[in-house]
Ligand code: SAH
């Protein structure tokens, strides 16, 4: 049998893998053993999974495989940031970025090939949308980075946080993203604490509610403006889910999570959304729920109409938030020498026109379903 008809075990979270082993006529406990090999020891060759019997190893080899994505290009920045261009089938590629800091290491993971939401200041948007990533392609990004970094869960943990902030809108690929986040948090998977796995969304209200029911992860919301008029020009999805509705969904999300706060991302663009008046409006909104604001100086990319705000303007904006009692941080720009900063991930997205039309239809369906 070749790989195309074999099952990729990275597509299963723990429940899925146990079911798969049951279907093979094996004790589901074997699934737990295999998970430890895959995610703790980063082993993808059944031959080396030595505590499985020889006949089980042979059987697994015949029907399944552990298939992380192929690394096409890998680049290190002078600041320690590392970026992988990973090949997806059909000539597509997505990007994954590792950002080391003194007290933590964050991996920024992609959820789709391209993105269909057309935020006007994001480079991924210029690529159009091709398709959703599979669970294997999402968790596979963590696997590839962990292997490269020598990450060992529970011991030398180089990846302490994962953020679903790479290419794509994670809530548009709901099931696969949730399964992959289950694997990130599972003790037999990468064993990360729930609050260290963050999903960032441009604001799909029904899917925020659905997420709240099925996964206990941190939520980040790409806000970027404090009025609907301005937000709609930056994040077109705002037409469907205006700020008021979005913040109500955020309030519902924290309601059942006593210590949780929502992180609001706010990319600062010169003369667009960086004026003191905007900051004051933002303070009013943020006071209505447990929140903090991540200010991201705009990262330019070829062909963009926007510019980064001046450092003084950024400092003033932050000061107004802080004086208004809002916790706000300026996200340091990392990895911009290798185009790995927020909003600069492009990957390689083929065949996007046809798929974009298909995607718009799916956005319609998904957003009307709830
Ligand atoms: N689609 C999801 C996940 C992407 S997260 C979301 O929108 O939340 C990436 C973050 O970087 C988002 O907050 C996005 O709005 C922001 N971003 C996009 N382009 C940017 C740019 N050019 N400069 C700075 N931040 C940008």
Antiparallel content of DSSP bridges confined to the chain, in %, to 5:
45 percent
What's the angle, to the nearest 10 degrees (0 to 90), between helix 352-369's Cα axis and the longest principal axis of the chain?
80 degrees
Using only alpha carbon pairs under 8 Å that are at least six residues apart, calculate the relative contact order of the stretch 109-150 and give it in whole percent.
39 percent
Most fluctuating of 63, 217, 113 in the GNM of the chain (C-alpha, under 10 Å) is 63
Where a ≥ b ≥ c are root eigenvalues of the Cα gyration tensor, a/c under 1.5 meaning rounded, otherwise prolate if a/b exceeds b/c and oblate otherwise, the stretch 70-362 counts as rounded
In degrees, nearest ten, helix 14-23 long axis to first principal axis of the chain (Cα)
30 degrees
Set the Förster radius R0 to 30 Å, insert the Cβ-Cβ distance between residue 193 and residue 27 as r into 1/(1 + (r/R0)^6), and round the FRET efficiency to 0.05.
0.50
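For the peptides 274-281, 80-87, 254-261, 161-168, what is the packing order when you average, over each peptide's residues, the other Cβ atoms within 10 Å and list the highest mean first? Display every interim value, and only then the final one.
Details: 274-281: 16.9, 80-87: 19.9, 254-261: 12.5, 161-168: 24.8.
Answer by packing, highest mean first, reads 161-168, 80-87, 274-281, 254-261.
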Take the Cα of residue 281, step 7 Å along the line toward its Cβ, and report every residue of the stretch 308-350 whose backbone nitrogen sits under 16 Å from that point.
317, 321
Could the peptides 129-135, 49-55 be put in order, highest first, of the mean number of other beta-carbon atoms found within 10 Å of their residues?
129-135, 49-55
Sort all Cα-Cα distances of the stretch 3-65 into consecutive 5 angstrom bins from zero, then give the percent of pairs in each bin up to the one containing the longest distance.
4, 18, 33, 31, 12, 1
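With an 8 Å cut-off on Cα pairs and a minimum separation of 6 or more residues, tell me the relative contact order of the chain in percent.
About 17 percent, as a whole number.
Residue 51 to residue 148: FRET efficiency via 1/(1 + (r/R0)^6), r the Cβ-Cβ distance, R0 35 Å, to the nearest 0.05? Each step should come with its number before you reach the end.
Values: r = 26 Å, r/R0 = 0.73.
Computed FRET efficiency for residue 51 and residue 148 comes out at 0.85.
Rounded if a/c is under 1.5, else prolate if a/b beats b/c, else oblate: with a ≥ b ≥ c from the C-alpha gyration tensor eigenvalues square-rooted, which is the stretch 49-153? Each step should come with its number before you reach the end.
Numbers: a/c = 2.77, a/b = 1.43, b/c = 1.93.
It is oblate, given that a/c is not under 1.5 and a/b is not larger than b/c.
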Ellipticity estimate at 222 nm from DSSP helix runs (n ≥ 4, -39,500 (n - 2.57)) divided over the chain, nearest 500
-10500 deg cm²/dmol
To the nearest 0.05, what FRET efficiency results for residue 307 and residue 36 with a Förster distance of 51 Å applied to their C-beta separation?
0.55
At what distance in nm do the modelled label points of residue 101 and residue 322 sit from each other, each positioned 7 Å from its Cα along Cα→Cβ?
1.6 nm
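No lab work stands behind these numbers, since they all come straight from the coordinates. What you are looking at is a predicted structure, and each value in this text was computed from that prediction instead of being measured. Note that we place each Cβ from the backbone using ideal geometry, even for glycine, and neighbour counts take in every protein chain shown.
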